[in-house]
Amino acid sequence: MSALPSSHRNSALAHIGNIILQIESPSQAYTTDIYFNTSASAGLDPGYDAAMFNGSAPDFSLYTHLVEENNGVPMAIQALGPNELNSVSIPLGLHAPSGTNVNISISELNLPDNINVYLEDNETNTFTLLNNSNYNFNTNSDLTGTGRFFLRVESGTLTIQQNELKELTIFNDKTTKEIVIAGQLVSSTTLDIFNLNGSIIKSHKLDETSTNNKISVANLPTGIYIITLSTNSGFVKSFKLIIQ
């Protein structure tokens, strides 16, 4: 038998494993793919990550957002590196009409035996081990976007992080010119926008009852800004905002 070309051997060696996550209703099914590869990272990896067709999600669909460098683009395929296999929280986007019975499960799992995959539901504050079970629920209203569900991959037993801002996804939606904060707030949280001189431009108290806060930045002039989230518990999370 002839040997594989070196490029094929390298590709095979780089692949660590994968998860195919599936949602089902009585009449439809949809999947999203997550790969772990030694050549990939938590950010955007051209040639490994793939956005959904036309960058938009159908009415019944499942996708992920990038763990890092997230710009709100729904990903059909996301590749992550070996470090993320030990512990990572992946934002999930799920679209389903009101009144739909949705079943979430793993349709294919190719990972080491010590890796556990959990579904986190921020609305019900529950974690479900998907390695050997499914998660079923009914939508009481149209479900869209990220913020409610996260896929947690852990080497071993899940430990809940104490930093209450860790699970939030923050990105700049350039289409709507809004800062989106997706995820469940657990205490009073304020968003501040600073210019590079350190002067505060805008301050907004977020709605603790919402898993999808949106702050308009349409009136900000072109430039670079610093966005800071702070809680009354003392946790702070910051990122850079570029307005073009």
Is there a residue being touching a Lys or Arg at 6+ places or on another chain (Cβ under 8 Å), among the hydrophobic types (A, V, I, L, M, F, W, C) and in the same structural domain as residue 63 (by TED's automatic domain parsing) anywhere in segment 108-126? yes
Within segment 107-132, residues part of a strand (DSSP E or B) and either at pLDDT below 95 or buried (at least 20 other Cβ atoms within 10 Å of the Cβ) (or both) come out as 115, 116, 117, 118, 119, 120, 121, 126, 127, 128, 129
If I go through segment 64-80 residue by residue, how many of them are modelled with pLDDT of 95 or more and in a loop (DSSP other than H, G, I, E, B)? 0
Which residues, counting only those in segment 215-244, are at pLDDT 85 or above and either exposed (fewer than 12 other Cβ atoms within 10 Å of the Cβ) or more than 18 Å from residue 69 (Cα to Cα) (or both)? 215, 216, 217, 218, 219, 220, 221, 222, 223, 224
Is there any pair with a first residue in segment 184-210 that is at pLDDT 85 or above and a second that is surrounded by fewer than 12 Cβ atoms within 10 Å (Cβ to Cβ) and part of a loop (DSSP other than H, G, I, E, B) whose Cβ atoms are under 6 Å apart and which are 6 or more apart or on different chains, and what are they? 188/232
Among (1) farther than 20 Å from residue 229 by Cβ; (2) not assigned by TED's automatic domain parsing to the domain that holds residue 60; (3) not acidic (Asp, Glu), the one test that residue 182 misses: (1)
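The values are calculated or read from the model by the stated rules, or taken from the named source; none is laboratory data. Small disclaimer: the values here were computed from a predicted structure and weren't measured. Cβ coordinates were reconstructed from backbone atoms using ideal geometry, including for glycine residues, and neighbour counts include every protein chain displayed.
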